[in-house]
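The values are calculated or read from the model by the stated rules, or taken from the named source; none is laboratory data. Fair warning: this is a prediction, and the values are worked out from it, not measured in the lab. Cβ atoms come from the backbone with ideal geometry, glycine included; neighbour counts cover every protein chain shown. Ligands, DNA and RNA are excluded from the accessible area calculation, which covers all protein heavy atoms including side chains. Shrake-Rupley method; radii C 1.70, N 1.55, O 1.52, S 1.80 Å.
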Amino acid sequence: MSLTDQVAIVTGASRGIGRAISLALANAGAHIVVAARTEPIPGTVEETATMVRELGREALPLEMDVASETDVKHTIDETLKKFGRIDIMVNNAGTNWSRNVADFESKRWELVMKVNVLGPFLCSRHVLPHMIERGSGHILNISSISAVRPRPGSSAYSASKAALDALTIASSMETHEHGVQVNALRVEGTIETPGTTMLLQLKPTEPMWPAEIVGEAASYVCSQPFPYTGNICALAELRSSVPRIDEILSGLEQQSGAKRS
């Protein structure tokens, strides 16, 4: 299914995975609403919007906190005012905080849940009436392998992504009769982003995955026609369908093998 002239809202789109998804969807022909809150990390919605326009597509940069219902409503209203339609909602904005449960501050736990679970709920809640009325639309949630493989210190993040998976499946059941698709992408690797390097300061033993791989996967899933819905799609499972994903993963596997030898 062609994405030409479809309208997509991408949250957390000022950098990293959100920017990669925005550019991949734009490259496939979609116009992009670049939504994100301001953070002390390199990257802005205006920068991503400029990149989208350089690909020949329209872009609407908007400041938005996904945990604010007021912000979410404003983004939906402004999108409809400019484009008159919303075809794709990508719930990508996320945050992480690593602590053992006994040491976890309740405010930090609450923040992870607000951004990673409440945010996608609010975005879905306010975009679905429009999609249901039109009889079409696609909601894509960005999940993680942490939903099914929690590690020490990952209790909040893992719980939030498991909840997001459940939200995805339940929503797909509720919207199937209306022609609306709801899917999730499960990211298995550590994605190289400004947030990863500056906030988490991770030093993985395996090569980090480029954000481009999630963009390619998002573009593929969003282009699948109805009734492709209710799926939790692992990135590695898409390599046979998306040549660029296979190319990226094959390169990473070679790097990892060379490092071990």
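A count restricted to the stretch 32-48 and to residues that are touching an Asp or Glu at 6+ places or on another chain (Cβ under 9 Å) and either surrounded by fewer than 24 Cβ atoms within 10 Å (Cβ to Cβ) or in a helix (DSSP H, G or I) (or both) stands at 3. Could you please let me know if residue 2 is of a type outside the set (D, E, K, R), surrounded by 24 or more Cβ atoms within 10 Å (Cβ to Cβ) and within 19 Å of residue 244 (Cβ to Cβ)? So residue 2 does not fit the description; no. Say we look at the stretch 207-240 and pick out the residues that are hydroxyl-bearing (Ser, Thr, Tyr) and in contact with a helix residue (DSSP H, G or I) (Cβ under 8 Å, 6 or more places away or on another chain); which of these is most open to solvent (accessible area, probe 1.4 Å)? The extreme case among them is 240. Of all residues being within 17 Å of the chain's Cα centre (by Cα) and farther than 11 Å from residue 232 by Cβ in the stretch 146-158, which is surrounded by the most Cβ atoms within 10 Å (Cβ to Cβ)? Just the residue, please. My answer is 157. Just give me the residues in the stretch 112-133 being open to solvent by 40 Å² or more (accessible area, probe 1.4 Å), touching a residue at least 12 places away in the same chain (Cβ under 8 Å) and more than 20 Å from residue 165 (Cβ to Cβ), in sequence order. The one that is open to solvent by 40 Å² or more (accessible area, probe 1.4 Å), touching a residue at least 12 places away in the same chain (Cβ under 8 Å) and more than 20 Å from residue 165 (Cβ to Cβ): 132.
Considering 52, 45, 101, the condition of being farther than 20 Å from residue 182 by Cα, over 18 Å from the mean Cα position of the chain (by Cα) and of a type in the set (A, V, I, L, M) is satisfied by 101 alone. Taking each residue of the stretch 178-204 that is open to solvent by less than 70 Å² (accessible area, probe 1.4 Å) and looking for partners that are modelled with pLDDT under 80 and of a type in the set (S, T, N, Q) with beta-carbon atoms closer than 9 Å, six or more apart or interchain, yields 190/196. Is it true that some residue in the stretch 180-202 is more than 14 Å from the chain's Cα centre (by Cα), within 22 Å of residue 13 (Cα to Cα) and modelled with pLDDT of 95 or more? Yes, the stretch 180-202 contains a residue that is more than 14 Å from the chain's Cα centre (by Cα), within 22 Å of residue 13 (Cα to Cα) and modelled with pLDDT of 95 or more. Of the residues making up the stretch 1-31, those that are at pLDDT 95 or above, hydrophobic (A, V, I, L, M, F, W, C) and in a loop (DSSP other than H, G, I, E, B) number 4. Within the stretch 226-244, residues that are touching a residue at least 60 places away in the same chain (Cβ under 8 Å) have Cβ atoms under 8 Å from residues that are in a loop (DSSP other than H, G, I, E, B) and open to solvent by 40 Å² or more (accessible area, probe 1.4 Å) in these pairs: 226/136; 234/188, counting only partners at least 6 apart in sequence or on another chain. Among the residues of the stretch 82-96, which ones are buried (at least 18 other Cβ atoms within 10 Å of the Cβ) and in a loop (DSSP other than H, G, I, E, B)? Answer for the stretch 82-96, where residues must be buried (at least 18 other Cβ atoms within 10 Å of the Cβ) and in a loop (DSSP other than H, G, I, E, B): 86, 87, 92, 93, 94, 95, 96. Of the residues making up the stretch 53-70, those that are touching a residue at least 12 places away in the same chain (Cβ under 8 Å) and either among the charged types (D, E, K, R) or in contact with a Ser or Thr (Cβ under 6 Å, 6 or more places away or on another chain) (or both) number 8.
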